[in-house]
Amino acid sequence: MKIRKSGGIILVSELDGKIVGTAGGYVVRPTSNVDGEHFGFIEFLIVDPSHRRLGIGEALLKELIMRLAFKGVNEICLEVDPKNEAAVKLYSKLGFATSYAVMQLTVNPSDVESKPYRPTLVASPKLQSRSFKD
Ligand SMILES: CC(C)(COP(=O)(O)OP(=O)(O)OC[C@H]1O[C@@H](n2cnc3c(N)ncnc32)[C@H](O)[C@@H]1OP(=O)(O)O)[C@@H](O)C(=O)NCCC(=O)NCCS
């Protein structure tokens, strides 16, 4: 299904005329008239390192959630590295919970022989005769 990103929001937090934090998100909608994904997505949230632990990140995140909610979304998603303790704690504090995990495989073509993903079955002659192009 094709999706459309719309309703982009970028927030900045200013202190003494300097930007000390920013957050952004948007609404994801299906392009067709079918039931499907319709949710808010938080794209980024960052606070200047010398201004952290002052409540700026939390204030930006709350404002972003409110604005996405006013745009009609009833679910908001984001991606975060589970090792990013500050961010995970902040998101958890505001009620975010893990809904799915992204799995990752590092592939090294020169090292395939010893890897579990090395093909073990011989494909059918029909398949063998096909060549695959980049
Ligand atoms: C994550 C980040 C935005 C937090 O911003 P912040 O302004 O420092 O956070 P706040 O002061 O608003 O803290 C709010 C809550 O976040 C959590 N938190 C923030 N920093 C934390 C830290 N270093 N360790 C543990 N918890 C932390 C706490 O739950 C805190 O609530 P509390 O003060 O009641 O304990 C900031 O650390 C940052 O910019 N990190 C780098 C960019 C990044 O990782 N962005 C998220 C990408 S998904």
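You can think of it this way: the chain between Leu78 and Val12 has 21.9 nm of extra reach, that is 0.36 nm per residue less the Cα-Cα gap. Multiplying the residue separation of Gln104 and Glu63 by 0.36 nm and removing their Cα-Cα distance gives an extension gain of 11.5 nm. Computed packing ranks the peptides 92-105, 71-84, 54-67 as 54-67, 71-84, 92-105, most packed first, by mean other Cβ atoms within 10 Å.
Any read-out appearing in this document is the output of simple, stated calculations on the displayed coordinates, not a laboratory observation. These figures come from a predicted structure and were not determined experimentally. Here Cβ is always computed from backbone atoms with ideal geometry, including for glycine, and neighbour counts include all displayed protein chains.
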